[in-house]
Structures are given as structure tokens and as C-alpha cells.
Amino acid sequence: MFSCLKHKVGEVLLPGDEFSFQPEDTISLTDTVKPEKVICGPGLRRSGDRLLVSKSGVLRTKQPNMFWVDSQQKRYVPAKGETVIGIVTVKSGDVFKVDCGGSEQASLSYLAFEGATKRNRPNVQVGDLVFSQFVIANKDMEPELVCVDSSGRANGMGVFGGGGLLFRVSLGLIRRLLAPQSPLRAELQQLFPHELVIGMNGRLWVKASSVQQTLIIANLLESCENMTAEQRRQLFRRAAQGAL
Amino acid sequence: MAGLELLSDQGYRIDGRKATELRKVQARMGVFAQADGSAYLEQGNTKALAVVYGPHEMRGSRSRTLHDRAVINCQYSMATFSTAERKRRPHGDRKSTEMSLHLKQTFEAAVMTQLYPRSQIDIYVKILQSDGGNYSVCVNAATLAVIDAGIPMRDYVCACTVGFVDETPLADLCYAEEGGGVSSLALALLPRGGQIALLQMDARLHQDHLETLMEAAMTACKGVSKVLDEVVRQHLQEVSVLTGE
Amino acid sequence: MKDTPLANCERDFLLKAIEEKKRLDGRQTYDYRKIKITFGTDYGCCFVDLGKTRVMAQVSCEIVTPKENRPNEGIMFFNIELSPMASPAFEQGRQSELSVNLNRQLERCLRNSKCIDTESLCVVSGEKVWQIRVDIHMLNHDGNLMDAASIAAITALYHFKRPDVGIQGEEVTVYPPEERDPIPLSIYHMPISVSFSFFQQGTYLLVDPCEREERVMDGLLMIAMNKHREICSIQSSGGIMLLKEQVMRCSKIASVKVSEITELITKALENDKKARKAGGRFGFAESMPQERITALKKDETPVEMTDVTETAYDIVQKAEAPPQTVPSPVLPVPGMGQVGLGLQNSWGLEDDEEEEEEDDDSVEEQEEKVTKMEVEQHRKEQSSGDVVEISDSEEEEVIILQPEIPNRGPKNAGSSSDQKGAAKSKKRQTK
């Protein structure tokens, strides 16, 4: 299985493709059989002893044994552990209702901020942006967000300050931006100083020193969706040299 | 402009008025006991009744509550006996909905809604007799009703319909003048600041005439505002006499 | 379906950008987005693209009995459908405020201005007249539905041809298009609506708002005019307070825009007529292979309609700019979006990019350099406003390429290396 998965890395898979456990032609009685462990990411599902593909896309891998299907879509479905940018819509009782682009509004408790107590409420208004993480996100329950990690520290999450521009891109671009050695991020770094917050629900927030620069970054990122790497490099180069 | 001569050589219109003359305005405030504010206004032969309820709790769809302002809800309707032919559908047709929207937008600009968040103000206007300038009469009546209800506004909202015939602007059109394919401009104005709350124009008018027409409309509105002001002062005097020292 | 709520920072940013006279897509305050008009196979069907806003109009006709009070006039009926396809905020079936507004405005713009000769639609007075019905469907909502709808409606009406009718005594025969050629409608003039959006209590105004700008605007002023400078309809909506001077200014801007758009429409109609006459493929079949039907597709060829806008305002013709664009960034990959593609934008990106490319060429040749320098100087002067605006960041060394300095080659390298130095000191957080 491992070998046939490895074979297909980089190929396009469609839902319905499956990988089944092929027994070896010859089983050696003397050698110890090494147990194969394959970690399935999004898009791959286990069913009995087969591995089914549930999303269309390209198969990717990460050493040593992680596989997933890289698919493209615009609409976000909440998943536990993902950090998203949400817009506060309602302040009621002890919770905020936050719109994160999913089918339901997620709830965010007052106390789920760093240093928040019953007396010391966080300063969040309707319409503010919050960067938070899903603790509960399955299809049966209302999604819940928190702005602290498991040890109680904010770790970069919380309510946004003022300024900056929020815009939407597809989820595939977000993943490309968040990849560990993302060439996209490296090229962005060459441009000019700016702050960029990447929400996995397809929302990006960018702030640069002037409105013009913010607009440039926003438009560059929006247009990166459909470009090949070469086109993108040229575009960034032009922007870097022309935009100043 | 075929048939009826809208402006004679001596400068008289069909009903004998001069070009810039407004029709006679008569108004009463506080005509209904049940409503928070009400007013009845006659402008020539056009008669309108306006009633205001609010600010009160949001009724109907809770989701439309605005967290920092009051919602203004307007309904415009014409009585079935208001026109020459009996009106089959007094409200719900496109024209009434459009008028309601325009009224709503006019008053959203004028009423200080930030003072009453999460609440609703209802304005109902009914035309009892329609003889031209329906929209303007509604706006004037509604202004008086809102004042009667004690809801704070930035200024009087006065409206007037003007038309353009033979290079002359005619103020306050009546029904016969409106129908003749005359370019008519309806303007709702806050007189003190000269700010236009609503501007609506139909039929062809050359761009160069726009300025004169708007000037005429603004002067007419200022005239209406003077009349409304007098009505309000008189009403307040009457009421204060009743409440005593 | 609920639309995504607008965040406070989006609103603040948009308003701040508008105060600095910058728009999200790099247009100027009085610029329209790119307008594209395509026709279908039938007469009377047309698609209009205003940037990403897509609208389709279809004209049809049938014979009915006329109204009692107008026995010898035909009937015009307009209908705008806000289909949920266009935006998640539209609901099927319900007549929302916006739909009523658009319908009424279109009716007033086209019907009350008497742009169509209704008396010519009469067949038998008092008994039979033509009823012309214009159906407009919104396919994608990215702001400014009213203008797109008005352009689509009037273009479709111009494009439409009704069947010929023969009257013999009491009998009325309607000839199908195979027997007798259909006749176009008799239209007096072309009213086109121009929308202005106001911000910050009327201090700032924009022409042709896109969907985000529409969300933060205070109100909208719609002026419908024809190219003879006759105003057909004015409507202010949203609770804004206007001043008389603003209205006059808007009407002047509107007259300029309307004449440009009228030219565009006449050109599109002519092209279509030529294509049909030449027997070439037209209509949807033609649009398909070029992938013009698909939404959100951007053309590589900068068919500059914004150029037409700019010639009205700019001193120097920017129209030369597109042909000099180096073709390599403009690869014919479908679905490619380019920053400010085809649009002349005010970021100074494309201008400086063109200069830089010319620098590469001009390093070797002296004579070419001279002519190119002049062209660049032209462009530099005119876009110097843009360049100056960008350089208000004090955080890094900004070297503006001076138009007077002759040898640009080494300077370029110098600036880019300074760039990299600045890049090191910049802070960037990913979360």
C-alpha cells in the first residue's frame, strides 16, 4: 500500500479511486514483517482494509508516511484545530457569535481570551475581526472557537487592531501560503514591510504602511490564484521594482 | 403639452396660479388619539393623512434590528376613492412600494435615529384625495406627524414637485399639469442647510435647464417650510394653553 | 442565504482608501470598469459585463389588446430578475427592496423618457398592439446593477427586430422571419444611467461602485441621460443629503460618461451587424470557443475601454501604453488574472514596469534611448502624481527613478539592491 501510494504522489486522483492492501507475492517466513503505518490526511478515508479517495485533487506526501489529497475549493468547512479569521456578529450573554464562513456561526466565549475573567471582559465589538482556533468543529454540533491555546496563552490569537484590509481567496491558495517553505511567502517578503494574517477559512488580512501598498499586496495575492509559478515570479518582480 | 395650455401668455396656469405660486396649504396636527403622532395636510386639492408610531420595540423580523440605530418603516397607500377611477389595488403594487421606499429613505436622513438603537419607528401615510404632487404632500404630512410624536429631527423635511414648461419652472404641480408629459422634479429638502434628502425626476429635460429647475424647487420648498413652521407653532401654542401654566 | 457581514476594519479601510482617492481595483474616482457587450443568436438578446457584474437582457414581443386609455399605443413591459445566482443575498421569488428599486428606476428611465415610439407598435388601433417585453436577469452581482441593466436593456432594444405585420382589411397576418425580414424598433434616443455613490455624508463620490464600495456607501445618485445631454431621469436613493452643486457636478460627469458608453454600444451593435451579414459565426456559438461565456474570465488583450475614459481626463494619451507591454507576462493561459489586467491603474505599477522593460532595451542603443526617454518622461510626468503618493512610507529607503537621469541601467540595479536591504529590516508575522 505504501508503495502504491508513493507511486501516485503528484497524480490527480478522483473520488472513487481506491488503494487496497496488496499482499506480497512471496511472504518470507524468516524476515520480520515490518508493520506499515500510513497516516491519511484530508481527502483519504479508510474503509475496512481499503483506502478510499473522497476528494478530487493531487496526491501529496510528507515524509515519512503522511499522505493527503490537495483539493481546491472556495467554501470553508470548519475543522478542529484550524485557525481562522472570524467576524463578530452578535454579542449576547456570555458568548460572541462569530461568522467564519461556514454553514453556521461559531460561538466564542468571553472567557476564551488570554487574561479574561468574569470581571475583566475583552474589548470586542460587533464587526471586529478575531483570529481564533476551532476546538469543536464536527457536523453534529455548533462550532466553537477559542482565542487561547491549551496552556491558556494567546499565542498570536485574539482580536485584531484597526486598519488593514480583509479579502477572500480560495482555500488552495491559503494552503500554499501556509506551506512550510512556501515560495509565495518568500517572494512576498521581498516586497515591503507588511503584516499578513492568514485564516484557513479563505480570509486574509493585510496591513502595510500605506493604503497603496496594502492594496497592492491584496491585489497581488488575489491574482496569484490562477498563475503559474513563473508568471507569479515575474509579477512579483515587477511589483517589487515598480511599486516603490 | 397638446391640448391644455399649461401656461398662458399672461403667465397664468390652468388653475389661475402664477408660475411660482404654491397651492394653499392647510394642516392640522394631533388628529388621532391612538397614535403617538399624527397630522393631516391639504395642499390645494391633494389631501393626505400621516400617522407615526414609535419608537417602539422591533416587531416582525427581529433580525432586522440595527444595534446602533432605529429602523424606520414607512407605508404609503392611496385610498381607493382618492383618484378619479376607483383604485383596485391600494397598496402592494410597485408604485406604492417605491413611494414607501422613498419616504423611508427621506426620513432616515432626517430623523436622528442614533438616539433610539434597536427600536422601530413606523410612519403610515394615506392619500385621501389625489390631485398631483402625491409624494410631496406625503412628506410634508409625515414631517408634521413626526414632530407631533416628539421624535427629534435634524430639520423640517419639506417637499415640492416642480415642472418645466416653456422654459419656465412651475412650482407645485397639480394632476392635470403632471400628466401632460411635462418634466417633473420632486425634491425633498431640509431648508436650513439646503440639503437635499431626495431627488427624483422623470421625463426628458435638457441638462442646462436642470439648475433653474432645482433652484425653483428649493425656493418652493423653503416656502412650504415657512408654512409648516407656522402650523407647528400655532399647534404648540394651542396645546400649551390647554396644559396650563 | 445570508451574506457575509461587513467587518469594521473593512469599512474603515475602504473609507480611508476613498479619502485618499484610491479604489480597490486601482481605478480613478470617475472611471468605469471595463464594459463588454456580446449578443446572442436571437435578435434582442445581449450580455453585458461591467467588470465582474454580468447581466443578460432579452427582448420579446407579442400581440395583445391595448390599454383602454391608450388605444393606439403599444405596451412596454420591463422586468428585472435578481436571481440568487447573482449573489447569496438575493432570494428567489421575494420582491426585495432592491428589486423594486431597480425595476422602478429602469421603468422610469426607459418608459417615461419615451425613448421608444410606442405609436409605431400599433397594429389595429384599439384592438391589437405589440407588447414589447424586456427581461433582464442578473447573473453576477459585483456592484452597480442599475447601470449594467440599463445598458443591457437599451442595447437589447436596439438589437431587437420584431416580425413584420400585414393588414388586409380585417385580417392581420404576422409574417414569420423566414417570409419577411423582421423590422427593428423605432427608438428615438438612448437613455443610459450613470450611478454615483456618496461617502462620508456626501464629501466623496465615486462613479460605478463595486460591490464592496456599495456596502459602505451612504447613498446612491442615479442619473439617466442620453447623448444629446437630455436628462431622462434622476433618482437619489439611500439616506444621503445632497447639495445642489453636487448634483450639478454629477450631471456634468454623467454627460461625459454617457457619450462614451453610447459610442461603445453603437460600435458593438455595428460589429454584430457586420458579423451577421458576413455570415460568420455570431452569438453564443461564437463566444464559446473564446471562452467569453465563462464568468470571471479575464481577457489577455487589453481592450481598453478605460482608455476612452482617460482621454477625457488625462493630458497625455495613455492609449499607447498597452501595445508596448511586454507580452511575456500576458501569457494566454485561460483564467489568468493579472494585477490591473487591461486596466490602467493608478498604482504606478504598469507604468513603471514599462519603463523598466524599456530600460533593458535601451541600455545598448543610444538613439532608441532618446525616443524612449521622451515617452517615459511623458508618462513619468503624468504618472508622477502616482509615484509621489506611493513614497510616503518613511520606513525604508525609497528611490524614485528620476526621469531626468539618462542612464537608468545601473540605477535600476542600485534600487533593487537597496530594496533587498530594506526587506531584511521589515517585519512580517505569519500566524
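The values are calculated or read from the model by the stated rules, or taken from the named source; none is laboratory data. From a predicted model like this one, the values you see are computed outputs, not experimental measurements. Methodologically, a virtual Cβ is constructed for each residue, glycine included, from the backbone with ideal geometry; neighbour enumeration extends over all protein chains shown. The area values use the complete protein model at the heavy-atom level, side chains included, leaving out ligands, DNA and RNA. Shrake-Rupley method; radii C 1.70, N 1.55, O 1.52, S 1.80 Å.
To the nearest 20 debye, what is the magnitude of the charge dipole of chain B about its Cα centre, counting +1 on the Cβ of each Lys and Arg and -1 on the Cβ of each Asp and Glu?
On the way: 26 positive and 29 negative charges, 193 e Å.
Computed charge dipole of chain B: roughly 920 debye.
Can you give the accessible area of C:H159 in Å² (nearest 10), computed on protein heavy atoms with a 1.4 Å probe?
In the full protein context, C:H159 sits at about 10 Å².
Report the per residue volume, in Å³, of the convex hull enclosing the C-alpha atoms of chain A.
Values: hull volume 40.7 nm³, N = 244.
Expressed per residue, the convex hull around the Cα atoms of chain A is 167 Å³.
So how do A:K139, A:K91, B:K226, C:K21 rank on accessible area, 1.4 Å probe, biggest first, that is with the largest at the start? Don't skip to the end; give the middle numbers.
Values: A:K139 185, A:K91 90, B:K226 140, C:K21 120 Å².
Correct descending sequence by accessible area is A:K139, B:K226, C:K21, A:K91.
Would you mind checking which residues have amide H under 5 Å from B:C74's amide H? H placed 1.01 Å from N; only 5 or more apart, or other chain.
Result for B:C74 returns B:I123.
Once the whole set of protein chains is in place, how much accessible area is left on C:I167, using a 1.4 Å probe, in Å² to the nearest 10?
Result for C:I167: roughly 90 Å² accessible.
Could you compute the net charge surrounding C:I151? Neighbours are other residues with a C-beta less than 14 Å from the C-beta of C:I151; K and R count +1, D and E count -1.
+2
Can you give the local net charge around B:R17? Use residues other than it whose beta-carbon is closer than 12 angstrom to its beta-carbon, Lys and Arg +1, Asp and Glu -1. Provide the component values of the computation, followed by the final result.
Details: positive: B:R13, B:K18, B:R23, B:K24; negative: B:D15, B:E21, B:D172, B:E177.
Local net charge: 0.
Could you give me D for segment C:31-287, from Stokes-Einstein at 20 °C and 1.002 mPa s, where the hydrodynamic radius is the Kirkwood radius over C-alpha pairs? Units µm² s⁻¹, please.
Working: Rh = 19.3 Å.
D = 111 µm²/s.
Across the residues of A:187-200, average count of Cβ atoms on other protein chains within 10 Å?
Per-residue shielding by partner chains comes out at 4.
Taking the Cα-to-Cβ direction at B:V31 and at C:T266 and moving 7 Å from each Cα, how far apart do the two end points lie in nm?
It is 5.4 nm.
What do you get for Rg/Rh over chain B if you use C-alpha atoms and the Kirkwood form of Rh?
0.98
Just to confirm, what accessible area per residue do you get for chain B at 1.4 Å probe, in whole Å²? Before the final figure, lay out each step's value.
Values: 11420 Å² over 245 residues.
Heavy-atom accessible area per residue stands at 47 Å².
Within segment C:213-249, name every residue whose backbone N is under 17 Å away from a label modeled 7 Å from Cα of C:T203 along the Cβ vector.
Hits in segment C:213-249 for C:T203 at 17 Å: C:216-219, C:240-243, C:246.
If you average the sequence gap of Cα pairs under 8 Å that are 6 or more apart and divide by the length of segment B:25-242, what percent do you get for the contact order?
The normalised contact order for segment B:25-242 reaches 21 percent.
How big is segment B:95-184 on each of its three principal axes, counting only the C-alpha atoms and giving the largest first in Å?
Here the Cα extents, ordered largest to smallest, are 49, 23, 20 Å.
Can you give the FRET efficiency for B:V239 and B:Q114, using 1/(1 + (r/R0)^6), R0 = 41 Å, r = Cβ-Cβ distance, to the nearest 0.05? Walk me through the numbers before you get to the answer.
On the way: r = 28 Å, r/R0 = 0.67.
Computed FRET efficiency for B:V239 and B:Q114 comes out at 0.90.
Once each part is reduced to its C-alpha centroid, what is the distance from segment C:150-170 to segment A:193-211 in angstrom?
Rounded to whole Å, the Cα centres lie 53 Å apart.
To the nearest 0.05, what FRET efficiency results for B:H209 and A:M66 with a Förster distance of 45 Å applied to their C-beta separation?
0.05
Counting only helical runs of four or more DSSP H residues, what would the 222 nm mean residue ellipticity of chain B come to if each run contributes -39,500 (n - 2.57) and the total is spread over all its residues?
The per-residue figure over chain B is -10500 deg cm²/dmol.
Would you kindly find the accessible area of C:T41, with a 1.4 Å probe and non-protein molecules such as ligands, DNA and RNA excluded, rounding to the nearest 10 Å²?
The value for C:T41 is about 80 Å².
What whole number of Å gives the distance from the Cα centroid of segment B:95-118 to the Cα centroid of segment B:186-204?
After rounding, the separation between the Cα centres reads 15 Å.
So with the 1.4 Å probe, I'd like the accessible area per residue for segment C:127-262, rounded to whole Å². Let's see the in-between values first.
Numbers: 4600 Å² over 136 residues.
Value returned for segment C:127-262: 34 Å² of accessible area per residue.
Residue farthest toward the positive end of the dipole of chain A, with Cβ of Lys/Arg at +1 and Asp/Glu at -1: which of A:Q181, A:T89, A:H7?
Result: A:T89.
Hey, got the dipole for chain A? About the Cα centre, +1 on K and R Cβ, -1 on D and E Cβ, debye to the nearest 20?
In total the dipole reaches around 560 debye.
Hey, could you pull the Cα Rg and Dmax for segment B:1-115, both in Å?
In order Rg, Dmax, the Cα atoms of segment B:1-115 give 18.9, 59 Å.
For the modelled label position 7 Å from the Cα of B:D166 along Cα-to-Cβ, which residues of segment B:12-33 have backbone nitrogen atoms closer than 17 Å?
Those under the cut-off are B:12-21.
Considering only protein heavy atoms and a 1.4 Å probe, what is the carbon-and-sulfur percentage of the accessible area of chain A?
Carbon and sulfur: 51 percent of the exposed surface of chain A.
Kindly write out, for segment B:211-218 in residue order, the coupling ³J(HN,Hα) from the Karplus curve 6.51 cos²θ - 1.76 cosθ + 1.60 (θ = phi - 60°), rounded to whole Hz, with x marking Gly and Pro.
5, 4, 5, 5, 4, 4, 5, 5
Please give the peptides A:43-54, C:169-180, B:49-60, C:242-253 ranked by average Cβ packing (other Cβ atoms within 10 Å per residue), highest first, as a rough proxy for protection.
Descending packing order for the listed peptides: B:49-60, C:242-253, A:43-54, C:169-180.
Please report the spacing between the Cα centers of segment C:78-137 and segment A:109-142 in Å, no decimals.
Result: 48 Å between the Cα centres.
After finding the eigenvalues of the alpha carbon gyration tensor for segment A:165-243, what semi-axes result from the square roots of 5 times each, listed largest first in whole Å?
Values for segment A:165-243, descending: 17, 16, 11 Å.
Quick one: accessible area per residue over segment A:108-244, 1.4 Å probe, rounded to a whole number of Å²?
40
Heavy atoms only, 1.4 Å probe, whole protein assembly: order A:S92, C:S87, B:S63, A:S3 by accessible area, highest first.
Listed by decreasing accessible area, they come as B:S63, A:S3, A:S92, C:S87.
Per the helix-only calculation at 222 nm, which mean residue ellipticity applies to chain A, given -39500 (n - 2.57) for every DSSP H run of n ≥ 4 and division by its residues, nearest 500 deg cm²/dmol?
Calculated from helices alone, the mean residue ellipticity at 222 nm is -5500 deg cm²/dmol.
Which distance in nm do the two modelled labels at B:T65 and A:C4 give, with both placed 7 Å along the Cα-to-Cβ direction?
6.0
Cα-Cα over 20 Å: which of A:K207/C:K21; A:K118/A:K139; C:K36/C:K257; B:K95/B:K126; A:K8/A:K55?
Cα-Cα > 20 Å for A:K118/A:K139; rest within.
By the scheme Lys and Arg +1, Asp and Glu -1, what is the net charge of all other residues having a beta-carbon under 12 Å from that of A:L221? Numbers along the way, then the final one.
Working: positive: A:R168, A:R176, A:R185, A:R203, A:R232; negative: A:E187, A:E222, A:E225.
Once all neighbours under 12 Å are counted, the net charge is +2.
With θ taken as phi - 60° and the coefficients 6.51, -1.76 and 1.60, list the Karplus ³J(HN,Hα) couplings across segment B:112-127 in order, rounded to whole Hz; mark glycine and proline as x.
7, 6, 5, 7, 10, x, 6, 10, 9, 10, 9, 10, 10, 10, 10, 8
Report the gain in length on full extension from A:V126 to A:E142: 0.36 nm times residue separation, minus Cα-Cα distance, nm rounded to one decimal.
In short, 3.8 nm is gained.
State, to one decimal in nm, how far the label point of C:L6 lies from the label point of B:I14, with both points 7 Å from Cα in the Cβ direction.
4.4
How big, in percent, is the set of alpha carbon pairs in segment A:83-160 lying more than 20 Å apart?
Values: 640 of 3003 pairs.
Summing the P(r) of segment A:83-160 above 20 Å gives 21 percent of all pairs.
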